[in-house]
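K.L.:
If you scroll down you'll find the structure; I have some questions about it.
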Amino acid sequence: MGLEGSGIPGVFIVWPDILYEGPTPLATGEKWIAARTGYLADVALRKVDQVAARYRQNDAALEAFRGYEEVVFWLEHDLFDQLLLIRHLWWMGVRGVSIRRVQSGKRNATRFSLVCRDTYLGPLTPDRFPPLFAARQPVTDAQIALGSRVWRAFCGEDPSRLLVFTIGVAQDLPFLAAALHRYLEEFPSAATGLSRTETQILRVVSGGPLPVGEAFQASTALEDAIFLGDLSFFNIVHTLASARHPMLAIGESSPEPPSFAERTIRLTDTGREVLAGRADHIALNGIDRWMGGVHLKGTDTWRWDGSQLHRAVV
């Protein structure tokens, strides 16, 4: 990682939690770990104890913040990172972190800082990090308050409460509104029952079969801010292809390609009907998916119409 080779001193922790997938209880500690571990172990095909150990290791490092002079959050502008940001801001509020206490010069008060611009950190070379570090800004009490309100809404059972946070651009968290709007687009469409990502997948293969890896690249190119990793994309493809009424067909050949990314997918007739709005994915296949605090299940579920969320039965 470029940051670790940049010469910036400190202990580095990577927090690879895909919070836009799976249940997110308003909790910390073992309750949080149990909810996230059970989901991610299935998605990542890893042993539960391995996933839990990673969570506990990261939690322990963060809970030891009082032993450090400063904690710096390095985050991007996309959905993946903005959800991590508000979850950590909520955590700061729960832990009673007060920026005013730090600013008042209290001894042994840990400083919290933030690096967050519309820049993807992963591709940066080590020399690009010191200037970003030098320009870091202190986390403010206003950011903690706003992030906490949004995270509580995210973890609640009524996702429509997030709508208010997608209007305008908040000065304290300028990238959050766009990220949350993109998140709401992952709820089933009122017209087709497909999420935006599912729609993009069907569209990129509607012109003809494509290897899964190429479909991933084509779908990613349609994003304003890239947030979805290949593993999540592959899981969505597999779900669409294994549904009761499949939207996609995965090509078979002998010998099989060495990786899933090289396997070919094509649009089924049913997928074409759904994509055109002449059929509904959830009416055909139902849904069983967690998004934050909302369990989308069956045919009575939340729908996104482009500007609003509402409940609909199909």
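The values are calculated or read from the model by the stated rules, or taken from the named source; none is laboratory data. For clarity, every value in this text was computed on a predicted model and none was experimentally measured. When we count neighbours, we look across all protein chains shown, and the Cβ atoms used for this are built from the backbone with ideal geometry, even at glycine.
K.L.:
Might you check whether a residue that is over 27 Å from Leu40 (Cα atoms), touching a residue at least 24 places away in the same chain (Cβ under 8 Å), surrounded by fewer than 17 Cβ atoms within 10 Å (Cβ to Cβ) and charged (D, E, K, R) occurs anywhere in region 259-270? Working first, answer last.
P.N.:
Restricting attention to region 259-270, the residues satisfying the condition of being over 27 Å from Leu40 (Cα atoms) are 266-270.
Add one more test, that the residue is touching a residue at least 24 places away in the same chain (Cβ under 8 Å), and what stays is 266-267, 270.
Restricting the remaining residues to those that are surrounded by fewer than 17 Cβ atoms within 10 Å (Cβ to Cβ) gives 266.
Checking which are charged (D, E, K, R) leaves us with 266.
Yes: region 259-270 contains one or more residues that are over 27 Å from Leu40 (Cα atoms), touching a residue at least 24 places away in the same chain (Cβ under 8 Å), surrounded by fewer than 17 Cβ atoms within 10 Å (Cβ to Cβ) and charged (D, E, K, R).
K.L.:
Something else about it: Just to be sure, is Ser160 among the hydroxyl-bearing types (Ser, Thr, Tyr), in contact with a His (Cβ under 8 Å, 6 or more places away or on another chain) and surrounded by fewer than 18 Cβ atoms within 10 Å (Cβ to Cβ)?
P.N.:
When the stated conditions are applied, Ser160 passes them.
K.L.:
When region 2-26 is examined, which residues are found to be of a type outside the set (S, T, N, Q) and surrounded by 14 or more Cβ atoms within 10 Å (Cβ to Cβ)?
P.N.:
Let us first name the residues in region 2-26 that are of a type outside the set (S, T, N, Q), namely 2-5, 7-23, 25-26.
Passing the criteria: Gly2, Leu3, Ile8, Trp15, Asp17, Ile18, Leu19, Tyr20, Glu21, Gly22, Pro23, Leu26.
K.L.:
Restricting attention to region 102-124, does a residue exist that is assigned to a helix (DSSP H, G or I) and either at positive phi or at pLDDT 95 or above (or both)?
P.N.:
no
K.L.:
Let me ask something else about it. Are there any pairs, at least 6 apart or on different chains, whose C-beta atoms fall under 6 Å, with the first in region 50-76 and without any contact (Cβ under 8 Å) to a residue 40 or more places away in the chain and the second surrounded by 16 or more Cβ atoms within 10 Å (Cβ to Cβ) and of a type outside the set (Lys, Arg), and if so, which?
P.N.:
Val51/Thr37; Val51/Leu40; Val51/Ala41; Ala52/Ile33; Ala52/Thr37; Tyr55/Ile33
K.L.:
Please go through region 1-54 and pick out each residue that is in a helix (DSSP H, G or I) and of a type in the set (A, V, I, L, M). Can you show your working first?
P.N.:
Step one: of region 1-54, the residues in a helix (DSSP H, G or I) are 29-44, 48-54.
Hits for region 1-54 are Ile33, Ala34, Ala35, Leu40, Ala41, Val43, Ala44, Val48, Val51, Ala52, Ala53.
K.L.:
Right, here's the next one. Before we move on, is Val139 free of Cβ contacts under 8 Å to residues at least 12 places away in the same chain and either in contact with a Cys (Cβ under 6 Å, 6 or more places away or on another chain) or more than 30 Å from Glu273 (Cα to Cα) (or both)?
P.N.:
It is false that Val139 is free of Cβ contacts under 8 Å to residues at least 12 places away in the same chain and either in contact with a Cys (Cβ under 6 Å, 6 or more places away or on another chain) or more than 30 Å from Glu273 (Cα to Cα) (or both).
K.L.:
Looking only at residues that are assigned to a loop (DSSP other than H, G, I, E, B) and aliphatic (A, V, I, L, M) in region 253-283, which one is nearest to Pro209 (Cα to Cα)? Give the derivation first.
P.N.:
Residues of region 253-283 that are assigned to a loop (DSSP other than H, G, I, E, B), as a first pass: 253-259, 263, 268, 276-280.
This time we only want the ones that are aliphatic (A, V, I, L, M), so: 276, 279.
Details: Ala276: 18, Ala279: 22 Å.
Among them, the one singled out is Ala276.
K.L.:
Take region 288-307 and flag every residue that is in a loop (DSSP other than H, G, I, E, B) and either in contact with a His (Cβ under 8 Å, 6 or more places away or on another chain) or at positive phi (or both).
P.N.:
Gly298, Gly306
K.L.:
For the subset of region 126-144 comprising residues that are in contact with a Leu (Cβ under 7 Å, 6 or more places away or on another chain) and of a type in the set (S, T, N, Q), which member is surrounded by the most Cβ atoms within 10 Å (Cβ to Cβ)?
P.N.:
Once the filter is applied, the top-ranked residue is Gln143.
K.L.:
Select from region 243-252 the residues that are surrounded by fewer than 16 Cβ atoms within 10 Å (Cβ to Cβ) and either modelled with pLDDT under 95 or within 17 Å of Pro211 (Cβ to Cβ) (or both) and list them in ascending order. I'd like the intermediate steps shown before the answer.
P.N.:
Step one: list which residues in region 243-252 are surrounded by fewer than 16 Cβ atoms within 10 Å (Cβ to Cβ), which gives 244-245, 251-252.
Those that are surrounded by fewer than 16 Cβ atoms within 10 Å (Cβ to Cβ) and either modelled with pLDDT under 95 or within 17 Å of Pro211 (Cβ to Cβ) (or both): Gly251, Glu252.
K.L.:
Give the residue, chosen from Val274, Val294, that is more than 30 Å from Val150 (Cα to Cα), of a type outside the set (Gly, Ala, Ser) and surrounded by 14 or more Cβ atoms within 10 Å (Cβ to Cβ). Full working, then the answer.
P.N.:
Working: Val294 fails: more than 30 Å from Val150 (Cα to Cα).
The match here is Val274.
K.L.:
Looking only at region 258-266, decide whether some residue is in contact with a Lys or Arg (Cβ under 6 Å, 6 or more places away or on another chain) and either at pLDDT 95 or above or among the acidic types (Asp, Glu) (or both).
P.N.:
no
K.L.:
With over 22 Å from Asp305 (Cβ atoms) and either touching a residue at least 40 places away in the same chain (Cβ under 8 Å) or not assigned by TED's automatic domain parsing to the domain that holds Thr301 (or both) as the only criterion, which of Val169, Val204 stands out?
P.N.:
It is Val169.
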